[in-house]
Amino acid sequence: TNLAAGLFAFVRTVEEYDDSGVYTPFYYRLVKIISVNAGTGVIIFKDPIPRAMTNVLISPVVATDAFLGYGTEIIEDIEIGHMKVSGRNFVYRGGVYNGYIHDILCEDIVNVMAINAMVNCKIERISGSYSARAIELKTGSSGGVCRDIDLKYVPDGAVTESPFSLSEQVNGLTFERVKVSAGADFDAGACLASVSGLDHQFRDCEFVSNSP
């Protein structure tokens, strides 16, 4: 087997569906492997899988894996906080496992957070401005909390994607006091908030347009 203790892997169903041109498993989750018993075939993960699954594949996260088709980097046990940031992207692609991102002031960021596979993370007190994507979580992101987020759109050309987007079967995410606004040049592009996946909770959230 190419599975070993300490590796990250995607546990996923064999069955897939077409998610706007991206073939995506009906359910999947990023896990960390604790142990592998080659004799018994028993694999133990650090976190439980909350849903029963049949016809399961376990795809290790390596330089180029059979599931995603491109290299995926996972950072683990990180804390980023008390910063003012500006430029193109703040947190962009890759995965975050057990992360804490907090107290960030964004000044004219293009993409604030676009994360593939965010697991067991807490994101709170993020504010400021963006010009393309405020929050995008995808690729089986699960078990995270986002709270006290206030991001305002500033014009910077046509916006063709949703400022707030959950896709590719993200599951079990909680959003509290999240406010995302969009401007006039967004309106012809896409939905203000695009949400898919399973078992999410939204409390006191606002997705609003700043169009005149």
Q) ³J(HN,Hα) across segment 36-51 via Karplus (A = 6.51, B = -1.76, C = 1.60, θ = phi - 60°), whole Hz, x for Gly/Pro? A) 10, 9, 5, x, 9, x, 7, 10, 10, 9, 5, 10, x, 8, x, 10
Q: Could you provide, to the nearest whole Å², the per residue accessible area of segment 1-45 with probe 1.4 Å?
A: 52
Q.
If I compute solvent accessible area with a 1.4 Å probe over the protein chains, what percent of it on segment 1-61 is carbon and sulfur?
A. 56
Q) In vacuo Debye scattering of segment 8-147, one point per C-alpha: log10 I(q)/I(0) at q = 0.12, 0.17 Å⁻¹? A) -0.54, -0.98
Q: Hey, can you grab everything whose amide H is under 5 Å from the amide H of S209? Only 5+ residues off in sequence or another chain; H modelled, so Pro and N-termini drop out.
A: A182
Q. Taking amide hydrogens as modeled 1.01 Å from N in the peptide plane, which residues meet the under 5 Å criterion relative to G94, leaving out close sequence neighbours?
A. E73, N116
Q) Extent of segment 67-148 along each principal axis, from alpha carbon coordinates, in Å, largest to smallest? A) 35, 21, 16
**Q.** Distance violations [Cα-Cα > 31 Å] among K32/K152; K122/K152; K84/K138
**A.** K32/K152
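The values are calculated or read from the model by the stated rules, or taken from the named source; none is laboratory data. Computed from a prediction, not measured in an experiment: that's the story for all the values here. Only protein heavy atoms, including side chains, enter the accessible area calculation; ligands, DNA and RNA are left aside. Shrake-Rupley method; radii C 1.70, N 1.55, O 1.52, S 1.80 Å.
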